[in-house]
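Accompanying notes for the structure given below.
Bear in mind these aren't lab numbers, they're just calculated from the coordinates by the rules spelled out. Computed from a predicted model, the values in this text were never measured in an experiment. Cβ: placed from backbone, ideal geometry, glycine included. Neighbour counts: every protein chain shown.
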Amino acid sequence: QVQLVESGGGLVQPGGSLRLSCAASGLPFTIYDLSWYSQAPGKQRELVAAITTGGRTNYEDSVKGRFTVSRDNAKKMVYLQMNSLKPEDTAVYYCHATRWGISVDYWGQGTQVTVSS
């Protein structure tokens, strides 16, 4: 079965950094597009960053220049490096995997990121 497991969340002060990790298993990792979503209380889940099978990335405007998404196909891992964190970044962050042209997608359980002084 497919599993996506996030880790690395926690409490960090404004301006600090955090690296989220997502470990994938049970799927042919190299042919899946990967992304990170965030969901704050009472708000819709939204795309934060994405990376395709070919390594192309895109980011939500508010995180450009601060966050970096990367993938390690050998380790079946996807990462989100989060720098210059702001209180507005506080949310649950979810790892997502999808295959182009296929309706099925997969979600991790989420990891809480709290940015507060």
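Among the lysines, which have Cα under 23 Å from the Cα of K86 when same-chain residues fewer than 8 positions away are ignored?
Partners found: K43, K64.
Out of the chymotrypsin sites (Phe, Trp or Tyr not before Pro) in the range 25-117, which ones are loop residues according to DSSP with at most 10 other C-beta atoms within 10 Å?
Answer by residue number: W100.
Find the Rg to Rh ratio for the chain, where Rh is the Kirkwood radius over alpha-carbon pairs and Rg uses the same atoms.
A ratio of 0.95.
Where does the range 18-71 land on Rg/Rh, using Cα atoms and the Kirkwood Rh?
Taking Rg over the Kirkwood Rh, I get 0.98.
I'd like to know which of P87, F29, V12 lies farthest towards the positive end of the charge dipole of the chain, counting +1 on Cβ of Lys and Arg and -1 on Cβ of Asp and Glu.
Among P87, F29, V12, the one farthest towards the positive end of the dipole of the chain is F29.
Among the DSSP beta bridges whose two residues both lie in the chain, what percent are antiparallel, rounded to the nearest 5?
Of all bridge pairs located within the chain, approximately 95 percent are antiparallel.
What percentages, rounded to whole numbers, describe P(r) for the range 1-48 computed over all alpha carbon pairs with 5 Å bin width beginning at zero?
5, 14, 20, 24, 21, 9, 6, 1
What are the ³J(HN,Hα) couplings of the range 67-79, residue after residue, when phi is run through the Karplus curve with 6.51, -1.76, 1.60 and θ = phi - 60°? Round to Hz, x for glycine and proline.
10, 9, 9, 8, 9, 10, 5, 5, 8, 6, 10, 10, 10
Once phi is turned into ³J(HN,Hα) by the Karplus curve 6.51 cos²θ - 1.76 cosθ + 1.60 with θ = phi - 60°, what whole-Hz value does each residue of the range 30-45 show in order, with x for glycine and proline?
5, 9, 10, 6, 10, 7, 10, 10, 10, 9, 8, x, x, 10, 6, 5
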